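A.B. asks: Please see the structure below; I have some questions.
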Amino acid sequence: MLRKCGGVIQTESVRKDLRNVKDVHIYSGMARSIRLKKSKELPLPDKDTLKMLVEFIGFASQKLNLGDEPVVVTLLHANPGRPITTGAFDPQDKSICVIVGGRHFIDYCRTIAHEMVHLRQCVDGRTDGPIQEIGGDIEDEANSGSGRIVKEYLKSVLTKEQKEKLGLGSF
């Protein structure tokens, strides 16, 4: 089964669609491994965006105390024809899929953080059994945790130049 922003769907259709995914980069260091993949239809993000994305995932991993747990994220184009909303976590292989096409960087980072909270919950053995799709402890924790991670990242990690590049305010 696949976690879909709180919902449960069949994994097989998503796995079949991932045949056209190619690796972007593998980053290892600081006792953690981050692997980014992308759909064939998605243009390769620019170097600065990839760097910020890896920094964000590392930051979120640290905040969630994931230690050396690998983080595998597949970046998808808009309207991928898959049964997901904006992101999904697969507890079978502990991987994350997120739609980035047509979305602002911070918006898809929040989705990644949401799914990383589900990764933390999975590592802790808390995602076994039925999970309420809207509301409920598991989903509410992912929603609030991802918001907290993104806000802290914006306020404490992004430089003024990065904020300007992303079109953000200077808070």
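A.B. asks: Considering 60, 88, which residue is over 25 Å from residue 158 (Cβ atoms), surrounded by 23 or more Cβ atoms within 10 Å (Cβ to Cβ) and in contact (Cβ under 8 Å) with a residue 60 or more places away in the chain?
C.D. replies: 88
A.B. asks: From 84, 134, which residue is over 17 Å from the mean Cα position of the chain (by Cα), of a type outside the set (Ser, Thr, Tyr) and part of a loop (DSSP other than H, G, I, E, B)?
C.D. replies: Result of the check over 84, 134: 134.
A.B. asks: Among the residues of region 125-151 satisfying the criterion of being open to solvent by 70 Å² or more (accessible area, probe 1.4 Å) and modelled with pLDDT of 95 or more, which is nearest to residue 48 (Cα to Cα)?
C.D. replies: Looking at the filtered set, the residue picked out is 151.
A.B. asks: Here's a follow-up. What are the pairs, 6+ residues apart or on separate chains, where a residue within region 153-171 that is touching a residue at least 40 places away in the same chain (Cβ under 8 Å) has its Cβ under 8 Å from a residue that is among the aromatic types (Phe, Trp, Tyr) and exposed (fewer than 15 other Cβ atoms within 10 Å of the Cβ)?
C.D. replies: Here the result reads 154/171, each pair linking region 153-171 to a residue that is among the aromatic types (Phe, Trp, Tyr) and exposed (fewer than 15 other Cβ atoms within 10 Å of the Cβ).
A.B. asks: Then there is this: Would you pick out the residues in region 104-131 that are over 30 Å from residue 164 (Cβ atoms), in a helix (DSSP H, G or I) and either of a type outside the set (S, T, N, Q) or touching a residue at least 60 places away in the same chain (Cβ under 8 Å) (or both)?
C.D. replies: Keep residues of region 104-131 that are over 30 Å from residue 164 (Cβ atoms), which gives 118-131.
Retained after the next criterion (residues that are in a helix (DSSP H, G or I)): 118-123.
Matches in region 104-131: 118, 119, 120, 122, 123.
A.B. asks: Given the structure, is residue 110 open to solvent by 50 Å² or more (accessible area, probe 1.4 Å), among the basic types (Lys, Arg) and within 10 Å of the chain's Cα centre (by Cα)?
C.D. replies: yes
A.B. asks: I'd like to know if region 58-67 contains one or more residues that are hydroxyl-bearing (Ser, Thr, Tyr) and farther than 22 Å from residue 118 by Cα.
C.D. replies: In the first step, residues of region 58-67 are kept if they are hydroxyl-bearing (Ser, Thr, Tyr); the result is 61.
Next cut, farther than 22 Å from residue 118 by Cα only: none.
No, every residue in region 58-67 fails to be hydroxyl-bearing (Ser, Thr, Tyr) and farther than 22 Å from residue 118 by Cα.
A.B. asks: With 72, 54 as the choices, which residue is open to solvent by 10 Å² or more (accessible area, probe 1.4 Å), assigned to a helix (DSSP H, G or I) and free of Cβ contacts under 8 Å to residues at least 60 places away in the same chain?
C.D. replies: None of the other options fit; the residue is 54.
The values are calculated or read from the model by the stated rules, or taken from the named source; none is laboratory data. Note that the structure is predicted; figures quoted are calculated from it, not measured. Positions of Cβ are backbone-derived with ideal geometry, glycine not excepted, and every protein chain shown enters the neighbour counts. Accessible surface areas use protein heavy atoms only, side chains included; no ligands, DNA or RNA. Shrake-Rupley method; radii C 1.70, N 1.55, O 1.52, S 1.80 Å.
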